[in-house]
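Working notes, beginning with the structure itself.
Read-outs: derived from the displayed coordinates by stated rules, not from any lab. Source: prediction; values computed, not measured. Cβ: placed from backbone, ideal geometry, glycine included. Neighbour counts: every protein chain shown.
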């Protein structure tokens, strides 16, 4: 009975690893979640699970790599996932056939606010479109993102406060008819 409770709790915590990736293939939702790490610790009383050492989370087309991952749940049932890495990387296939890839040094997602916050050399690429900054914030419910930068894209030491957004032309609507 106790082991079943642990398994249920781990499954619940593991599910929040995937919630920030709202553009993933719909079929990913029906895929099993696999977490591989050097260590895992679960605190059932405080509802905190920590994975550390070469953490790899996969579910369908979604692949996440980090050094550590902490998942927690507050008294109201809201969940927070916090990933730290050098860097944290993720990739996934989207229903539109494009791949989304991203990286940052610190990734946090909160189900109460629906915010995914990527900080430290943050960049997200969907297809050929790219957003880079020191901090990227994305609301998975409203699909609104915000990008700020304390240094040039978090890459150089120049304190420019500038972000980079590269948007490619829509190739589907740029066909020339004869």
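Data table
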| quantity | calculated |
| --- | --- |
| Relative packing of 80-88, 68-76, which averages over residues the other C-beta atoms within 10 Å, highest first | 80-88, 68-76 |
| Calculated FRET efficiency for the pair residue 162/residue 96, C-beta based, R₀ 30 Å, to 0.05 | 0.55 |
